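*Asks:* Below are the C-alpha cells for one structure; questions will follow.
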Amino acid sequence: QHRFQKEDLKNISFPKIFSNKKKRWNMKLDIKDKHILVHFEQGFGDTIMFARFIEQIKKYNLLVKLDTNGYRPEILSEIIDSGNVDYVAMDIKSSPENYPAASGLENIDLNKIHKSVELLMKGTIDYEFRTTIVKELHTEDDIISIGKWIAGCDKYFLQGYKDSGDIICPGLTP
C-alpha cells in the first residue's frame, strides 16, 4: 500500500491550467489558518490518488472535509477510521428507484451507496447528505423517497442545479 511521501511531490506535474503565476505551496511556507483545496475532476482514479494527500495534510493540524459520491464504502470507512477526516459530505443523486437515471449508470450497484449512507448515519463522524435538484431528473416523489431513505440523518441539503456551461449533458435546468 503506497502512502503519500514528501518526495512524491517532485514527480507531480501540473496541467497548464495550474501553470499560471499563482503561488503553490512548497511545503516550507506556514499554512496555519489557511484553507487548502485538494480537488479532482477527472474521475474515480483521481479520487483514490488524491485521497493519499489527506494524511499528509492532517499532519499540519488542518481540518479535512471529504466530498464523496459514496460509491466506495470500503475506502470511505478506511478514511474515517484513520481519524484523518473531520467532515464528510455525500451526494445523494436521487431516490433509490431513480438512481441509475440520475447517476447516468444503468447498472449502478446501489448496495455500495446504501453502505456508505449507513456508515455515515452511525454518527462516528460529522456529515451531511446533499442532492443537486435538476428539473429533468427529479420529481417530488424522488425527494420524498430520499427523505424516507435517510430519515434521521444529521443534515440534508437540497441545492439548485447551476449550468456552468461546461457539462456533459447540456440543456438541464434547475
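*Asks:* For Asp81, what charge total do you get from the other residues with a beta carbon under 12 Å from its beta carbon, if Lys and Arg give +1 and Asp and Glu give -1?
*Replies:* Values: positive: Lys122; negative: Glu74, Glu78.
That works out to -1.
*Asks:* Which net charge results when you count Lys and Arg as +1 and Asp and Glu as -1 among the other residues whose beta-carbon is under 15 Å from that of Ser145?
*Replies:* Around Ser145, the charge tally is -2.
Every number here is computed from the coordinates shown, using simple stated rules; none is lab data. Just so we're clear, the structure is a prediction, and the values are computed from it rather than from any experiment. As a convention, Cβ positions derive from the backbone with ideal geometry for all residues, glycine included, and neighbour counts pool all protein chains shown.
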